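> Please read through the structure below; I'll follow up with questions.
The values are calculated or read from the model by the stated rules, or taken from the named source; none is laboratory data. Here the structure is a predicted model, which is why all the values come from computation and not from measurement. Here the Cβ positions follow ideal geometry from the backbone for every residue, glycine too, while neighbour counts run over all protein chains shown. Just so you know, the surface numbers come from the protein's heavy atoms only, side chains and all, with ligands and any DNA or RNA stripped out. Shrake-Rupley method; radii C 1.70, N 1.55, O 1.52, S 1.80 Å.
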Amino acid sequence: MISVILPVFNAGDYLKDSIESILNQTEDIELIVVNDGSTDNSEEVILSFGDERIRYVKFEENKGVAAAFNEGLKLANGDFITFHGADDLSLPHRFERLLAEFCCENIGYVHSDMLLITDHDIPFSYWQAGNISPDDIYSFFLNVGTPFNNGSILFRREAVEGIHFNETIKVGSDTDFVLKVAKGKWRSFHVPEPLYIYRRHQSNLTKQRSYDELAGHIRINIKEEDLISLPEVQGIKGEKRLLKAKLIAGLALARRWMRREGFLLFYEAIPLVKTERDRHFFEGMKGLVEKNYKHAVHHFQQITDRDHIEENYLGEAFLHMKNYKEAYRRFWKALQLSPNYHSPVKNLKIIGILRGFNLIDKHADHFK
């Protein structure tokens, strides 16, 4: 059985369609609806169904989506668990399709792509996910953000056992939850189909939130014990491991919109700079942050006998300068030094995309 946890806060305009899309699934389900202090007609819509598969909980005041998810987790009886938006939709065979991919015991969660629609049911974008290994989760989180389309995930019950949503986080509690699951022993499986329809409208746009609200879930996941778990710094001894981890994470965050957190990590790394080699690496990474790529190349090239990390970031500096041949050479060298280092592999992909992107799936070409 699948437990579907549906938090509701003033979603009356879309709630009927959302609930119907869940109840019309082909698999055995229970639908746990948590009314998070709604003041519109949401309760009326919920009670209009009278379906014995619906379990209804009502908060007298708004506690936030994380609290609603946690309440649903406490009540869930299913072998599998999923979290559903009150204004989103599931395709009729969604759960059947996801369940079919739990073919191995080490697969803890299966997820899909999403089609994005407006509040007027107009499709406007497609959100593609992908398979990602547990070792790569944290690096992806720093560089990109959430590794999966959170609403599209179906979890094995054992994978979420003992894990809860952080109710102190106003934005990103779902990403934080998924990160906790993904950093464990479980592997994921990706279904490259839009099984989940995500509705985006003004009330759920994160751009309306403050910087501190948006960055909250990032800050609690950049502790030193998290940083030194980065795959690329494994095998590096002592303070040099933490130095490189802070600079790698600082660059990743600064390249996104979290320059404050990125710069703070660079500042924290300064006392760890003990040798001339450390100084050149620090200055090279600083050049990447400041987009002074000649400065970055100069300092990385001062390091003799470069390791895989230094070769990779020298390659990134060349890539920014559109020196694709030299960037290719550096990424290739990084992989020769460390064959399981994922970053240069991604950077080789980036070179290919920048030089010419060829999508194998040609279905859309017929409609251009």
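> Return the total of residues in segment 48-73 being acidic (Asp, Glu) and closer than 18 Å to PHE165 by Cα.
The total comes to 1.
> Please enumerate the residues belonging to segment 349-368 that are of a type in the set (A, V, I, L, M, F, W, C), part of a helix (DSSP H, G or I) and open to solvent by 50 Å² or more (accessible area, probe 1.4 Å).
Result: ILE350, ILE353, LEU354, ALA364, PHE367.
> Taking the options VAL57, VAL8, name whichever one is touching a residue at least 60 places away in the same chain (Cβ under 8 Å), of a type in the set (Val, Ile, Thr) and out of contact with any His (no Cβ under 9 Å at 6 or more places or on another chain).
Among VAL57, VAL8, only VAL8 is touching a residue at least 60 places away in the same chain (Cβ under 8 Å), of a type in the set (Val, Ile, Thr) and out of contact with any His (no Cβ under 9 Å at 6 or more places or on another chain).
> Please verify whether segment 126-142 includes one or more residues that are in a strand (DSSP E or B) and either under 28 Å from ALA254 (Cα atoms) or modelled with pLDDT under 90 (or both).
Taking every residue of segment 126-142 in turn, at least one turns out to be in a strand (DSSP E or B) and either under 28 Å from ALA254 (Cα atoms) or modelled with pLDDT under 90 (or both).
> Of all the helices (runs of 4 or more DSSP H) wholly in segment 232-290, which have at least 2 residues that are aromatic (Phe, Trp, Tyr) and within 19 Å of ASN312 (Cα to Cα)?
Fully inside segment 232-290 and qualifying: 276-289.
> Among the residues of segment 88-97, are any in a loop (DSSP other than H, G, I, E, B), surrounded by 22 or more Cβ atoms within 10 Å (Cβ to Cβ) and either touching a strand residue (DSSP E or B) at 6+ places or on another chain (Cβ under 9 Å) or touching a residue at least 60 places away in the same chain (Cβ under 8 Å) (or both)?
Initially, segment 88-97 is screened for residues in a loop (DSSP other than H, G, I, E, B), giving 88, 91-93.
From what is left, the residues that are surrounded by 22 or more Cβ atoms within 10 Å (Cβ to Cβ) are 88.
Next, only the ones that are either touching a strand residue (DSSP E or B) at 6+ places or on another chain (Cβ under 9 Å) or touching a residue at least 60 places away in the same chain (Cβ under 8 Å) (or both) stay: 88.
Yes: segment 88-97 contains one or more residues that are in a loop (DSSP other than H, G, I, E, B), surrounded by 22 or more Cβ atoms within 10 Å (Cβ to Cβ) and either touching a strand residue (DSSP E or B) at 6+ places or on another chain (Cβ under 9 Å) or touching a residue at least 60 places away in the same chain (Cβ under 8 Å) (or both).
> Restricting attention to segment 29-47, report how many residues are of a type outside the set (A, V, I, L, M) and open to solvent by less than 30 Å² (accessible area, probe 1.4 Å).
Residues meeting the conditions: 6.
> When you go through GLU27, GLU61 one by one, which is the residue that is farther than 18 Å from TYR198 by Cβ, in contact with a Gly (Cβ under 7 Å, 6 or more places away or on another chain) and in a loop (DSSP other than H, G, I, E, B)?
Being farther than 18 Å from TYR198 by Cβ, in contact with a Gly (Cβ under 7 Å, 6 or more places away or on another chain) and in a loop (DSSP other than H, G, I, E, B) holds for just one of GLU27, GLU61, which is GLU61.
> Mind checking whether some residue in segment 335-344 is closer than 19 Å to LYS240 by Cα and more than 29 Å from the chain's Cα centre (by Cα)?
Within segment 335-344, none of the residues are closer than 19 Å to LYS240 by Cα and more than 29 Å from the chain's Cα centre (by Cα).
> Now a separate question. Among the residues of segment 317-333, are any surrounded by 18 or more Cβ atoms within 10 Å (Cβ to Cβ), within 22 Å of SER133 (Cβ to Cβ) and at pLDDT 95 or above?
Looking for residues that are surrounded by 18 or more Cβ atoms within 10 Å (Cβ to Cβ), within 22 Å of SER133 (Cβ to Cβ) and at pLDDT 95 or above, one finds at least one in segment 317-333, hence yes.
> Restricting attention to segment 188-210, and to residues there that are of a type in the set (Gly, Ala, Ser) and either part of a strand (DSSP E or B) or open to solvent by 60 Å² or more (accessible area, probe 1.4 Å) (or both), which single residue is modelled with the highest pLDDT?
By that ranking, first place goes to SER188.
> Mind telling me which of the residues GLY50, GLY64 ends up being open to solvent by 70 Å² or more (accessible area, probe 1.4 Å), among the small types (Gly, Ala, Ser) and modelled with pLDDT under 95?
GLY50
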